[in-house]
Amino acid sequence: MNRLFRSAWVIARRDYSSTVFSKLFLFFLISPLFPILFGGTFSVIGTHSDTPQGPPTLAVIASPADVKAIARVRSALAERLGDDVLPRIEHIVPQAAPHAEAVRLLRGSVPPDAVLTGPLDHPRFYVLSHGDNGLSDQAALLVDQARALEAHGPPPGTSIELWEVKQPPRANSEDARHIALLGQTGLFVITILLAGMLLSNLIEEKSNKVIEVLAAAVPVDAIFLGKLAGMLALSLTFIAVWSIVLALGATVALPAQFGSLPSPAVGWPVFGVLGVLYFSTSYLLLGAVFLGIGSQASTPREIQIMSMPVTMIQLLLFGFASAGLGDPDGWLAWAAAIFPWSSPLAMLGRAAEEPALWPHLAALVWQALWLALAIRIAAGRFRVAVLKSGGRRKKA
Amino acid sequence: MTADVAIRARGLVKLFDGVRAVDGVDLDVPAGSIYGVLGPNGAGKTSLLRVLLGILDPDEGERTLLGCSRPLDAADRVGYLPEERGLYPAMKPGEVIAFLGALRGLPLAEGRRRAARLLEDAGLGDAADRPIRTLSKGMAQTVQLLGTIVHRPRLLVLDEPFSGLDPLNQGRLEGLIRDQVAEGVTVLFSTHVIAHAERLCERVAMIGKGKVRFEGTVDEARDRLPYRVRLRTRERAGEWRNALPHDAAEESGVWTFPLPATGIEPILERLVAAKAGIETLSIERPSLHDAFVHLLGPHAEIAEEQAA
């Protein structure tokens with residue numbers, strides 16, 4: 001056993017250091033920035049091209065006194081509600097036929113969003129078909145207030161005493177479900193991004209023929225364990241770097257919101273620790289299978305062919321684990337927690353919804369047992385398939 | 001373990017898809033000797049070495065390596081150079097050698113120290129800080145060989161170690177093998193180039209189709225064939241030709257035939273009497289190459305089929 005772990009350590013150390021101290025590692029580390037940068041760039045472009053400029057325009061065809069009253073009401077309301085909430089008022093001097101004028105305006109080349117014709121005691125609202133979007137209600141409010149202004153003068157300003165009550169950082173069931181889903185999604189995305197690398201991990205050794213040197217010197221189980229441990233350490237480095245960056249960013253940019261986040265059932269610190277532990281077991285369980293499957297491949301092309309079904313299987317596991325959310329004692333949640341490859345995802349969801357810690361201890365032991373079994377089987381397949389012979393002869 | 005046997009195999013069988021790549025091999029490699037495993041391409045040499053080293057498990061039979069029935073238990077005392085050489089291309093020679101040593105239980109720091117010395121001794125000190133991918137093939141092979149001996153093994157197993165090396169590097173490798181044996185290391189190597197085995201080996205096993213066709217010293221292998229007579233005469237034809245044995249063959253004016261059991265004298269007397277005009281006559285001992293062809297060549301296969 002000592003030899004197994006000593007050999008695995010030698011292999012893991014080489015894999016880890018040869019990757020972390022290479023120039024490509026920086027590229028790997030900043031890779032999550034690419035989708036963020038692309039997303040940001042395209043959303044800016046989209047904002048410039050699609051977003052309408054400011055609030056809607058309401059053309060008012062009425063006497064100057066009525067328009068003045070509406071404008072005063074709008075100013076008063078804008079102070080309380082904000083300027084963008086209310087339509088901009090555009091005064092049109094009334095013609096002989098306000099109806100025809102309203103229709104002409106709406107059919108013009110730069111039409112207003114709606115047209116209001118006076119007088120205030122008999123208003124008419126014109127809008128293109130399907131173009132109302134609540135604008136008629138706002139116009140009605142403005143007219144009501146303008147009429148009240150004309151009748152009673154300006155209302156006295158009311159000052160309201162403000163009392164703020166902080167929400168305790170505790171999750172209700174809906175919050176817990178959201179945290180559980182968020183945790184599972186994060187775990188799933190990180191695992192799918194990082195564990196997929198294991199599919200091609202042995203290609204290097206097979207293509208440069210180092211695999212036979214390794215197999216002659218150390219048990220095949222140690223090669224597997226070393227490869228897994230090396231890649232896990234690499235992934236944890238990746239996660240640690242980004243966790244620190246995101247935590248610092250959140251603390252600096254959103255200090256108030258950071259303190260009032262709803263909490264998972266086990267609390268944030270324990271949830272974080274369990275997240276790391278479940279990532280490790282999920283990564284190792286999937287990685288053992290991927291490494292075993294990948295070791296059967298001889299070329300990068302074969303790896304590419306294998307990638308699709310492997311991704312589909314991961315999606316299935318994610319769907320299975322998330323289906324049990326919201327009902328942690330339901331049969332689906334328990335089934336997902338017991339099936340080894342969905343267990344880490346399901347148990348992280350449970351950590352958000354249930355405060356008990358003993359199921360996590362049991363789950364981690366259960367997952368460790370399956371990990372040992374998966375490594376044994378995958379290593380056995382590897383021995384059978386990979387190192388057959390240098391010179392095979394046909395049957396006589 | 002018998003103290004003077006480094007490797008022992010009894011009845012080893014390895015099947016691949018029903019084909020017997022190793023077929024009932026018995027082997028005793030004396031400790032401190034240079035032992036050659038000879039055979040044509042596809043004879044099963046590599047499979048045999050892999051089974052002996054524990055890379056593959058045998059389907060039948062037993063083997064012990066430095067006294068261990070589980071070969072990996074002896075891995076820290078064994079060095080192995082596979083036929084298909086390979087190193088991590090981005091690593092530097094010193095790091096590779098230290099890593100290969102660490103796989104065999106040598107602490108990394110000590111491995112680095114020894115690697116620097118070995119590289120200097122091999123004339124590769126200037127290449128120590130260059131990635132493997134920038135080295136020539138011969139340099140890379142030397143680095144891998146140094147990685148095979150950095151942990152000072154008691155047994156070296158080299159699979160086709162001379163392939164791909166130029167004559168100068170082949171000579172260096174022969175020197176290195178002799179140096180290792182002088183320090184008490186047992187060397188087992190496979191080859192299909194007989195000259196190396198003839199120069200280096202004390203004992204050889206000749207393998208064909210997974211079976212050991214011959215096992216013994218190089219002299220014993222050569223003694224499997226009679227001495228050869230080579231004769232060149234001034235006269236191309238004449239009565240003297242009746243003096244030659246029936247199986248004498250002529251090529252480019254030179255006659256060759258096995259030395260008769262009665263010796264050369266009776267033939268010589270008749271040749272002189274018939275005025276053959278002997279220019280040269282030599283009696284040559286068969287080479288290991290001759291024995292190899294005799295034991296594993298097409299004639300041997302035909303004889304085997306006839307016997308079957």
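The values are calculated or read from the model by the stated rules, or taken from the named source; none is laboratory data. Note that the structure is a prediction, hence the values are computed from the model and not measured. Here the Cβ is made from the backbone with ideal geometry for all residues, glycine too, and neighbour counts use every protein chain on show.
Across segment B:95-107, which residue is nearest to the other protein chains (Cβ to nearest Cβ) among those that are over 28 Å from the mean Cα position of the chain (by Cα) and in a loop (DSSP other than H, G, I, E, B)? Here the residue is B:GLY105. Taking residues in segment B:5-30 that are within 13 Å of chain A (Cβ to nearest Cβ), and partners anywhere that are of a type in the set (Asp, Glu) and surrounded by fewer than 20 Cβ atoms within 10 Å (Cβ to Cβ), the pairs with Cβ atoms closer than 7 Å and at least 6 places apart or on different chains are B:LYS14/B:ASP59; B:LEU15/B:ASP59. When every residue of segment A:244-257 is checked against the conditions, none turns out to be out of contact with any Cys (no Cβ under 8 Å at 6 or more places or on another chain), crowded, with 20+ Cβ neighbours inside 10 Å, more than 14 Å from every other protein chain (Cβ to nearest Cβ) and part of a helix (DSSP H, G or I). Each residue in segment A:93-114 was checked for being crowded, with 18+ Cβ neighbours inside 10 Å and touching a Leu at 6+ places or on another chain (Cβ under 7 Å), and 3 of them qualify. Identification of helices (runs of 4 or more DSSP H) wholly contained in segment A:123-223 with 1 or more residues that are within 30 Å of A:LYS68 (Cβ to Cβ) and basic (Lys, Arg) yields A:135-152.
Residues to consider are A:PRO123, A:PRO119; find the one that is under 18 Å from A:VAL73 (Cβ atoms), crowded, with 19+ Cβ neighbours inside 10 Å and not hydroxyl-bearing (Ser, Thr, Tyr).
A:PRO123
At least 1 residues being modelled with pLDDT of 85 or more and closer than 23 Å to B:ILE194 by Cβ is the threshold, and among the helices (runs of 4 or more DSSP H) wholly inside segment B:242-308 those reaching it are B:288-296. The condition (being part of a loop (DSSP other than H, G, I, E, B) and either at pLDDT 85 or above or buried (at least 16 other Cβ atoms within 10 Å of the Cβ) (or both)) is satisfied by just one residue among A:SER322, A:SER282, A:SER263: A:SER263.
Within segment B:125-139, if we keep just the residues that are aliphatic (A, V, I, L, M) and at pLDDT below 90, the residue that is nearest to B:GLU183 (Cα to Cα) turns out to be B:MET139.
When segment B:66-94 is filtered for residues that are facing chain A (nearest Cβ under 7 Å), of a type outside the set (A, V, I, L, M, F, W, C) and not in a loop (DSSP other than H, G, I, E, B), only B:TYR80 remains.
Among the candidates B:ALA90, B:ALA109, single out the residue that is among the hydrophobic types (A, V, I, L, M, F, W, C), without any contact (Cβ under 8 Å) to a residue 24 or more places away in the chain and either surrounded by fewer than 21 Cβ atoms within 10 Å (Cβ to Cβ) or touching a helix residue (DSSP H, G or I) at 6+ places or on another chain (Cβ under 9 Å) (or both).
On the way: B:ALA90 fails: without any contact (Cβ under 8 Å) to a residue 24 or more places away in the chain.
Sole residue among the options that is among the hydrophobic types (A, V, I, L, M, F, W, C), without any contact (Cβ under 8 Å) to a residue 24 or more places away in the chain and either surrounded by fewer than 21 Cβ atoms within 10 Å (Cβ to Cβ) or touching a helix residue (DSSP H, G or I) at 6+ places or on another chain (Cβ under 9 Å) (or both): B:ALA109.
On the given criteria, is A:GLY275 within 14 Å of chain B (Cβ to nearest Cβ) and modelled with pLDDT of 85 or more? Against the criterion (within 14 Å of chain B (Cβ to nearest Cβ) and modelled with pLDDT of 85 or more), A:GLY275 does not qualify. Residues that are touching a strand residue (DSSP E or B) at 6+ places or on another chain (Cβ under 7 Å), away from chain A (no Cβ under 14 Å) and surrounded by fewer than 22 Cβ atoms within 10 Å (Cβ to Cβ) occur in segment B:33-41; there is at least one. What's the number of the only condition in (1) more than 23 Å from B:PHE189 (Cβ to Cβ); (2) within 14 Å of chain A (Cβ to nearest Cβ); (3) part of a helix (DSSP H, G or I) that B:GLN144 fails to meet? With respect to (1) more than 23 Å from B:PHE189 (Cβ to Cβ); (2) within 14 Å of chain A (Cβ to nearest Cβ); (3) part of a helix (DSSP H, G or I), B:GLN144 is out only on (1).
Taking the conditions (1) closer than 30 Å to A:LEU225 by Cα; (2) more than 12 Å from chain A (Cβ to nearest Cβ) in turn, B:ASP121 satisfies each one other than (1). Within segment A:128-150, residues that are under 16 Å from A:ASP113 (Cβ atoms) have Cβ atoms under 9 Å from residues that are of a type outside the set (Phe, Trp, Tyr) and exposed (fewer than 14 other Cβ atoms within 10 Å of the Cβ) in these pairs: A:LEU128/A:ARG107; A:GLN138/A:VAL85, counting only partners at least 6 apart in sequence or on another chain.
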